[in-house]
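Novice: Please find one structure pasted underneath; my questions will follow.
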Amino acid sequence: MNIRKRAGGIVGMVAMASVVAIAVSGCARDGGGGGGGDGEGAETSPGITDDSITLGVTTPLSGPTAGPGTCTVAGLEAYMGARNAEGGIEFGDGQTREVEINTYDDTYDPQKALANFQQMVADDVFAATSGLGTPTNRAWREAAIDEEFPQVLIMTGDPLFSNQEESPWSLGFVPIYQNEGAAFGELLAESGEDLTVAILSQNDDYGEGYVEGFKEAIEGADNVEVVGELTYEATDTSVDAQLTELASTDADVFFNAMSITPLVISSLQKTQQLGWLPSWFLPSNTSSPTAILEPGGATAFPGVYSVSFAKAPQSPAFAEDEDVVTFLSDLKEYGDYPDPPAFPHCMWSYMIGATLEQAFQNMEEPNRDSFMEALRNISDFQAPLMLEGTAVNTTEDGQPAVSTVVVQKYNGTGYAPAETFG
């Protein structure tokens, strides 16, 4: 295997019932290049030779979001390590190349992420991918545009990264936050039950996107009422004051748009201490059964809901699934991750690896323009580990590579489909 790590990196959901495809209507993506290149196809970009291509990942590998951050690297290394072991990937120009991966720890700090991007440029990285975080990815988006540097298939639901006009060198991978929020809202609106909702959201584009999608979905629904709404900062170490105030509403449902793992766990525990036991909605990236819900004592609540588009290795329904068996083997052998992953980011980054391979196989020139053109023309690709009814589609401007989700409910050990609320 030919995978490198920089200093600062670490060494290393069940039969589907309800698929929510919230696709914002928009024009097809332009099939051209990144939008900033000179169009000279014969020119070779930094980070690619006849034998190899170098990718970079800036992501939190230490600090409170290190758990999911580590997974953003492990899954990608697992997929590319397996391809390298087979001799590499045959690109559209006829060359077979191995994939090298440089990792950079940003600790979920935007300034560190910007510095990491600058280091990637100095290190002749071809493209960055898989990294986790809205504020961290935003920190160097404009610099990447100026440098005509691909920032693609990243783990942020911020729709800005999938807007080709505003972000010609970017593309998100996971569903945009509005899509997830809308899925939750639709479930409540369609339930027919009279429900009150309290909202706690992260005070940035992450939280705002979830709340926007949720409110749009319940608009006009007479049975759903928001009775309390507060925010917190991503740097906060406690949200006890907000939870105490929201608990006084005695809302039936708690919509918690929170990205910080320790805060989700402590929030689950604090609401129990307060005697407030609503149903919960959690974002897909902070809904891990083993890493978050179990230590938080989530079985105390009437229901905890989230969304997914990936098969969960912990689910008995997928114990013998070919994709899952291969993924776990690759993750252990090439991703330096011996245990079943506690976070979905491991599966997501494995899918990212498969999506990148599709682009590599279709890029006809060894440069970033050709890569972006190939990446923006992937349609209905069933990447490994994808749930039935979901697929990778990079052709719709304004939408990320994945825009379909399955609503699920925690059952004490994992997730099961949620046909209706309750």
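Novice: Which of the residues belonging to the range 118-146 are over 21 Å from the mean Cα position of the chain (by Cα) and not charged (D, E, K, R)?
Specialist: Our first condition is that a residue be over 21 Å from the mean Cα position of the chain (by Cα); within the range 118-146, this holds for 118-126, 143, 145-146.
Hits for the range 118-146 are 118, 119, 120, 121, 122, 125, 126, 143, 145.
Novice: Considering only residues that are buried (at least 22 other Cβ atoms within 10 Å of the Cβ) and either hydrophobic (A, V, I, L, M, F, W, C) or modelled with pLDDT under 95 (or both), which ones fall in the range 238-257?
Specialist: Selection gives 239, 243, 246, 253, 254, 255, 257.
Novice: Only residues that are in a helix (DSSP H, G or I) and either among the basic types (Lys, Arg) or modelled with pLDDT of 95 or more (or both): list them for the range 263-291, please.
Specialist: Answer for the range 263-291, where residues must be in a helix (DSSP H, G or I) and either among the basic types (Lys, Arg) or modelled with pLDDT of 95 or more (or both): 263, 264, 265, 266, 267, 268, 269, 270, 271, 272, 273.
Novice: Continuing with the same structure: Step by step: first the residues of the range 224-236, then only those that are in contact with a Ser or Thr (Cβ under 9 Å, 6 or more places away or on another chain) and either hydrophobic (A, V, I, L, M, F, W, C) or outside any strand (DSSP E or B) (or both), then the one that is farthest from residue 203 (Cα to Cα). Which residue is that?
Specialist: Here the residue is 224.
Novice: Also: Taking the range 136-150, which residues are in contact with a Ser or Thr (Cβ under 9 Å, 6 or more places away or on another chain) and closer than 20 Å to residue 234 by Cβ?
Specialist: Within the range 136-150, 136, 137, 138, 140, 141 meet the criteria.
Novice: Looking only at the range 39-82, count how many residues are modelled with pLDDT of 95 or more, among the acidic types (Asp, Glu) and farther than 28 Å from residue 324 by Cβ.
Specialist: Residues in the range 39-82 being modelled with pLDDT of 95 or more, among the acidic types (Asp, Glu) and farther than 28 Å from residue 324 by Cβ: 2 in total.
Novice: Still on this structure: Pairs needed: first member in the range 170-199, closer than 26 Å to residue 245 by Cα; second member anywhere, among the β-branched types (Val, Ile, Thr) and assigned to a helix (DSSP H, G or I); C-beta distance under 7 Å; at least 6 residues apart or different chains.
Specialist: From residues that are closer than 26 Å to residue 245 by Cα, the pairs are 181/211; 185/218; 188/218; 189/218; 199/211.
Novice: Pick from the range 304-316 the residues that are within 23 Å of the chain's Cα centre (by Cα) and not in a strand (DSSP E or B): which of them is surrounded by the most Cβ atoms within 10 Å (Cβ to Cβ)?
Specialist: Checking each candidate, the answer is 309.
Novice: Of a type in the set (Val, Ile, Thr) and closer than 15 Å to residue 258 by Cα: does that describe residue 211?
Specialist: Details: of a type in the set (Val, Ile, Thr): yes; closer than 15 Å to residue 258 by Cα: yes.
Yes; evaluated as a whole, the condition is true for this residue.
Novice: Do you know which residues across the range 119-136 are out of contact with any Pro (no Cβ under 9 Å at 6 or more places or on another chain), assigned to a helix (DSSP H, G or I) and buried (at least 24 other Cβ atoms within 10 Å of the Cβ)?
Specialist: Selection gives 120, 134.
Novice: Still on this structure: Please find, within the range 165-207, the residue that is modelled with the lowest pLDDT out of those that are within 21 Å of the chain's Cα centre (by Cα) and surrounded by fewer than 21 Cβ atoms within 10 Å (Cβ to Cβ).
Specialist: Applying the filter and picking the extreme gives 205.
Novice: Name the pairs: first residue in the range 97-113 and in the same structural domain as residue 64 (by TED's automatic domain parsing) and more than 13 Å from residue 133 (Cα to Cα), second residue hydrophobic (A, V, I, L, M, F, W, C) and in a loop (DSSP other than H, G, I, E, B), Cβ to Cβ under 7 Å, at least 6 apart or on different chains?
Specialist: From the range 97-113, the pairs are 97/91; 100/3; 101/3; 102/125; 103/61.
Novice: Would you confirm whether or not the range 366-373 contains a residue that is at pLDDT 95 or above and part of a loop (DSSP other than H, G, I, E, B)? Please lay out each step first, then the result.
Specialist: So in the range 366-373, the residues at pLDDT 95 or above come out as 366-373.
If we keep only those that are part of a loop (DSSP other than H, G, I, E, B) as well, we get 366-367.
The answer is yes, given that some residue of the range 366-373 is at pLDDT 95 or above and part of a loop (DSSP other than H, G, I, E, B).
Novice: Sticking with this one: Residue 251 - would you say it is under 21 Å from residue 183 (Cβ atoms) and in a loop (DSSP other than H, G, I, E, B)? Working first, answer last.
Specialist: Values: under 21 Å from residue 183 (Cβ atoms): yes; in a loop (DSSP other than H, G, I, E, B): yes.
So residue 251 passes the test.
Novice: Something else about it: How many residues are in contact with a Phe, Trp or Tyr (Cβ under 6 Å, 6 or more places away or on another chain), surrounded by fewer than 24 Cβ atoms within 10 Å (Cβ to Cβ) and outside any strand (DSSP E or B) if we restrict to the range 84-118?
Specialist: 1
Novice: Also, quick follow-up: Of these, 166, 219, 190, which one is more than 18 Å from residue 283 (Cα to Cα), of a type outside the set (Val, Ile, Thr) and outside the structural domain of residue 269 (by TED's automatic domain parsing)? Lay out the reasoning, then the answer.
Specialist: Numbers: 219 fails: outside the structural domain of residue 269 (by TED's automatic domain parsing); 190 fails: outside the structural domain of residue 269 (by TED's automatic domain parsing).
The conditions single out 166.
Novice: Tell me, yes or no, whether the range 393-410 has at least one residue that is farther than 23 Å from residue 258 by Cα and either assigned to a helix (DSSP H, G or I) or touching a Pro at 6+ places or on another chain (Cβ under 6 Å) (or both).
Specialist: no
Novice: Considering only the range 149-223, give the strands (runs of 3 or more DSSP E) lying wholly within it that have at least 2 residues that are out of contact with any Cys (no Cβ under 6 Å at 6 or more places or on another chain) and of a type in the set (Gly, Ala, Ser).
Specialist: 170-172, 195-202
The values are calculated or read from the model by the stated rules, or taken from the named source; none is laboratory data. Bear in mind that the values here come from a model prediction, so they are computed numbers and not experimental data. Positions of Cβ are generated from backbone atoms using ideal geometry, with glycine treated the same way; all protein chains shown enter the neighbour counts.
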